[in-house]
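One structure is given below, encoded as structure tokens.
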Amino acid sequence: MRFLPTMVHGVLDYLVGLLVLALPFILGLQGPQIWALVAIGVLVIIYSALTDYELGLVRYLRIRFHLLLDAVFGLVMLSIPSLLDPADARWLNYVLGVLALALVAITDVRALGTAAPNNPFEGE
């Protein structure tokens, strides 16, 4: 059941992107852990800004594709502890990964005020 408005999802997108971006500096991580999390945080902010929803700056990506990217983000966050072993952030990576996958499942696929309702190729 999809009940979360895309406006709320958009706010969470930017907050999570900023959190992931800041996380290595907050926890004092070293080496590849820093660059992996910074890159992931920047990518989340970029694809959020490019999404065709209320908080998108350049409305290019459809919300369905955005949700696919969020699912990939969730899976990446779940796999990071085994790839980079950031012991201090392990629990937070799991929380962010599970939260991202949950948001994919509950976010409404129509954004208010976007081009989505006029697109004959996008399903209900």
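The values are calculated or read from the model by the stated rules, or taken from the named source; none is laboratory data. Quantities reported herein were computed from a predicted structural model and do not represent experimental measurements. Quick reminder, even Gly has a Cβ in these numbers, built from the backbone with ideal geometry, and neighbours come from all protein chains shown.
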Problem set entry | Selection within the range 25-50 - touching a residue at least 60 places away in the same chain (Cβ under 8 Å) and crowded, with 18+ Cβ neighbours inside 10 Å | L29
Seminar exercise, completed: Checked R2, R59 against criteria (closer than 17 Å to A102 by Cα and in contact (Cβ under 8 Å) with a residue 12 or more places away in the chain); the one match is R2
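What number of residues within the range 83-117 satisfy the criterion of being at pLDDT below 70, more than 20 Å from L67 (Cβ to Cβ) and out of contact with any Pro (no Cβ under 7 Å at 6 or more places or on another chain)? Quick ask: steps written out before the conclusion?
First, pick out the residues of the range 83-117 that are at pLDDT below 70: 83-89, 111-117.
Narrowing further to those that are more than 20 Å from L67 (Cβ to Cβ): 83-89.
Then drop every residue that is not out of contact with any Pro (no Cβ under 7 Å at 6 or more places or on another chain), which leaves 83, 85-89.
Count: 6.
Out of all the residues in the range 14-69, which are in contact with a Pro (Cβ under 6 Å, 6 or more places away or on another chain) and assigned to a helix (DSSP H, G or I)? So that I can check it myself, show each step before the final result.
So in the range 14-69, the residues in contact with a Pro (Cβ under 6 Å, 6 or more places away or on another chain) come out as 29, 33-34, 37.
Q33, I34, L37 - these are the residues of the range 14-69 that are in contact with a Pro (Cβ under 6 Å, 6 or more places away or on another chain) and assigned to a helix (DSSP H, G or I).
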